[in-house]
Amino acid sequence: MSLTTQDIERIAHLARIAVTPSDVTDVQAKLAGIFQLIDEMQAVDTRGVEPMSHGLDMVLRLREDAVTETNQRDKFQRNAPAAADGYYLVPKVIE
Amino acid sequence: MAQWEIVIGLETHVQLTTQSKIFSGSSTAFGAAPNTQAAIVDLALPGALPVMNRGAVERAVRFGLAIGATINQRSIMARKNYFYPDLPKGYQISQFETPIVQGGGLTITLDDGATKFIELTRAHLEEDAGKLVHDLFEGQSGVDLNRAGTPLLEIVTEPVMRSAHEAIAYARALHNLVRYLDICDGNMQEGSFRCDVNVSVRPLGQTEFGTRREIKNLNSFKFMQQAIDYEVRWQIEQIEDGKKIVQATVLFNPDTGETRAMRTKEDAMDYRYFPDPDLPPLVITDAELERIRAALPELPAAKCARFASQYGLPAYDATLLSQDGATAAFYEATVGGGADAKLAANWMLGDLAAALNREELSIEQSPVGAAQLAGVIQRISDGTISHKIGKSVFEALWNGEGENADAIIDTRGLRQISDVGALERIVDEVLARSAAQIADYKAGKEKALMSIVGQVMKASQGKANPAQVNEIIRRRLG
């Protein structure tokens, strides 16, 4: 699988990672290397092997349904770039 | 002109009735001040890890069992990646390839009495996003993460509905079911039950589907009807004008009754799902599955059948009384309180339903309780009061003018006159001034008798037993 410059720009945009035009070739080569690795893995015959969805062979731990958190808003908001009237503030996201 | 077929599929977001969020111990209570129910996991602070709520898993399984679906005893939590301030992690935890509930379906009943089985594709667990406010702060959006992490079950149908009528019947049936199962409070104003409707049209007889548009976030059945009607008309007009339908997400505007496409984002569909490394597979053991199955409440269809057989109710009554859990419980409590089963059904579907409608109350808010209603019905059945007096006793109970039927009957002296001598005296008084009616009756006019009975009932202030009065008059005139 070969990646175009446009693919790199699109992936970077989706991941909100700033990739400058001068870095694109470098990133393209590194990503291509990762895809090559995947190609190698896909060549392995895995018929009859149940796929894993997690690196560790364990199952999800469940907690009982109970409210254990208290209101710590003031502390959290001291750590936020901008907050007012209890809201976290972000640059306007609709026109 | 071509005949068009409408194709509809629904995705419903059902908010589960847990106390705490799906991955954190924050409260899910509605209406709290902004961000007072948003802890480190909900805020996505670095290092904070999600821990799955057993209550959410059990509710999802309960739903799956109730609709005869396959429960995937090993399901996978996945990240759905997107950047928007309503979820600060940069992804929503959801399920993608292996949802907890697969297949199944529910039977809907249409207005003409016909039934249809609506197949479900899947139902998966996921977390809700936060809320944004855009009009409170100059040049900025406010973020409230109280709702972020609230457990949702997203229930997806196959595209099997063929009219707005069917879509709404399905949405109502689902709404009833999730409340029956006590997995969702069903409060549509508060967003506990939100429907996305996928609509497309195709020429009748064509096998492939047309291009669909998705109407987002409908929170009332009325809006759903209006939105689908508008969308279908719009799509047909477009095609008949030679234009193509472009796949889009649209919003319904209740003020104009129109649907309008949201700004399309090219990247919107690329969520790059992958299994969440923070959450290993969700496993449900056989024992857990059986425990949840054993605790399932009786479902609407089963209850309806039982009401018909156990209480001898007509299908119509049984259907109406079993439609929601609270009504069914009220009915059984009324019968359990000693009321005749058919009379209890008549009262609930008649006087009680009318009074609740008039004052826009739900059955849970009824000022007349099941025991009180049973009391009224018992006194009618045992002849203490007439049906008509029963209605006034009911009204008095409704207005809080007495503890129970007996108290009202006693304080108001409403007991039916059972003393034959007293009744005969009233009958004789009425007969003495009813020469014309007596003549008519003797000439063969049965109606005249009814007029005399009416007079006697009036003279007794409704306290006479009409059957007994009838008998005495016939004896006197016979």
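The values are calculated or read from the model by the stated rules, or taken from the named source; none is laboratory data. Not measured: the values here are computed from a predicted model. With ideal geometry, Cβ positions are generated from the backbone for all residues, glycine too; neighbour counts draw on all protein chains shown.
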Scanning the range B:364-422 for residues that are crowded, with 21+ Cβ neighbours inside 10 Å and touching a Pro at 6+ places or on another chain (Cβ under 9 Å), which turns out farthest from B:Thr334 (Cα to Cα)? B:Ser386
Being aliphatic (A, V, I, L, M) and under 22 Å from the mean Cα position of the chain (by Cα) is the filter here; which residues of the range B:1-53 pass it? B:Ile8, B:Leu10, B:Val14, B:Leu16, B:Ala29
For the range B:126-136, which residues satisfy the criterion of being buried (at least 16 other Cβ atoms within 10 Å of the Cβ), within 14 Å of chain A (Cβ to nearest Cβ) and either touching a Leu at 6+ places or on another chain (Cβ under 6 Å) or not hydrophobic (A, V, I, L, M, F, W, C) (or both)? B:Ala129, B:Gly130, B:Lys131
Given (1) of a type in the set (Ser, Thr, Tyr); (2) assigned by TED's automatic domain parsing to the domain that holds B:Tyr82; (3) in contact with a Phe, Trp or Tyr (Cβ under 9 Å, 6 or more places away or on another chain); (4) modelled with pLDDT of 95 or more, where does B:Thr285 come up short, assuming only one miss? (3)
Considering only the range B:45-57, I want to know if a residue exists there that is more than 12 Å from chain A (Cβ to nearest Cβ), out of contact with any Pro (no Cβ under 6 Å at 6 or more places or on another chain) and under 27 Å from B:Ile228 (Cβ atoms). no
Report yes if some residue within the range B:441-458 is at pLDDT 85 or above, touching a strand residue (DSSP E or B) at 6+ places or on another chain (Cβ under 8 Å) and not assigned by TED's automatic domain parsing to the domain that holds B:Val393; otherwise report no. yes
Among the residues of the range A:1-16, how many are touching a residue at least 24 places away in the same chain (Cβ under 8 Å) and of a type in the set (Lys, Arg)? 0
Quick check on my filter: what residues within the range B:189-211 are modelled with pLDDT of 95 or more and among the aliphatic types (A, V, I, L, M)? B:Val197, B:Val199, B:Val201
Of all residues in the range A:56-66, which are surrounded by fewer than 17 Cβ atoms within 10 Å (Cβ to Cβ) and facing chain B (nearest Cβ under 7 Å)? A:Leu56, A:Met58, A:Val59, A:Arg61, A:Arg63, A:Glu64, A:Ala66
Looking at the range B:89-96, is at least one residue of a type in the set (A, V, I, L, M, F, W, C) and more than 14 Å from chain A (Cβ to nearest Cβ)? no
So which residues in the range B:57-106 are among the aliphatic types (A, V, I, L, M) and over 30 Å from B:Glu290 (Cβ atoms), if there are any at all? B:Leu87
In this structure, does B:Gly47 turn out to be under 25 Å from A:Ala80 (Cα atoms), at pLDDT below 95, in the same structural domain as B:Ile183 (by TED's automatic domain parsing) and surrounded by fewer than 21 Cβ atoms within 10 Å (Cβ to Cβ)? yes
Could you please give the count of residues in the range B:203-238 that are touching a residue at least 60 places away in the same chain (Cβ under 8 Å), more than 27 Å from B:His13 (Cα to Cα) and surrounded by 13 or more Cβ atoms within 10 Å (Cβ to Cβ)? 1
Taking the stated definitions as given, is B:Leu120 farther than 26 Å from A:Gln77 by Cα, more than 13 Å from chain A (Cβ to nearest Cβ), crowded, with 16+ Cβ neighbours inside 10 Å and in contact with a Phe, Trp or Tyr (Cβ under 8 Å, 6 or more places away or on another chain)? no
Looking at (1) more than 30 Å from B:Leu177 (Cα to Cα); (2) free of Cβ contacts under 8 Å to residues at least 12 places away in the same chain, which one does B:Ser381 not meet, given that it meets all the others? (2)
Residues that are over 17 Å from the mean Cα position of the chain (by Cα) and buried (at least 21 other Cβ atoms within 10 Å of the Cβ): list the helices (runs of 4 or more DSSP H) wholly contained in the range B:291-362 that include at least 1 such residues. B:300-311, B:325-336, B:341-347
Among the residues of the range B:275-290, which ones are facing chain A (nearest Cβ under 9 Å) and either surrounded by 16 or more Cβ atoms within 10 Å (Cβ to Cβ) or in contact with a strand residue (DSSP E or B) (Cβ under 6 Å, 6 or more places away or on another chain) (or both)? B:Pro275, B:Asp276, B:Leu279, B:Pro280, B:Pro281, B:Leu282, B:Val283
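Residue-by-condition table, conditions (1) touching a residue at least 60 places away in the same chain (Cβ under 8 Å); (2) outside the structural domain of B:Val160 (by TED's automatic domain parsing); (3) farther than 26 Å from A:Glu50 by Cβ:
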site: B:Gly25; (1), (2), (3): no, no, yes
site: B:Pro34; (1), (2), (3): yes, no, yes
site: B:Asp42; (1), (2), (3): yes, no, yes
site: B:Phe63; (1), (2), (3): yes, no, yes
site: B:Ala66; (1), (2), (3): yes, no, yes
site: B:Ile76; (1), (2), (3): yes, no, no
For B:Ile76, are the conditions met, namely being more than 10 Å from chain A (Cβ to nearest Cβ), over 18 Å from A:Arg73 (Cα atoms) and aliphatic (A, V, I, L, M)? no
The range B:279-290: number of residues that are in a helix (DSSP H, G or I) and either under 30 Å from B:Asp324 (Cβ atoms) or of a type in the set (Val, Ile, Thr) (or both): 3
The one condition in (1) of a type outside the set (Asp, Glu); (2) more than 10 Å from chain B (Cβ to nearest Cβ); (3) surrounded by 11 or more Cβ atoms within 10 Å (Cβ to Cβ); (4) in contact (Cβ under 8 Å) with a residue 12 or more places away in the chain that A:Val19 fails to fulfil: (4)
Condition first: closer than 21 Å to B:Arg415 by Cα and of a type outside the set (A, V, I, L, M). Can you find one or more residues in the range B:323-334 that meet it? no
Taking the range B:137-159 on its own, how many of its residues are out of contact with any His (no Cβ under 6 Å at 6 or more places or on another chain) and either surrounded by fewer than 19 Cβ atoms within 10 Å (Cβ to Cβ) or under 17 Å from B:Tyr82 (Cβ atoms) (or both)? 12
The range A:67-76, subset surrounded by fewer than 16 Cβ atoms within 10 Å (Cβ to Cβ) and under 19 Å from B:Gly149 (Cα atoms), residue nearest to the other protein chains (Cβ to nearest Cβ): A:Thr68
Checking A:Ala32 against (1) free of Cβ contacts under 8 Å to residues at least 12 places away in the same chain; (2) surrounded by 10 or more Cβ atoms within 10 Å (Cβ to Cβ); (3) among the aliphatic types (A, V, I, L, M), which single condition isn't satisfied? (1)
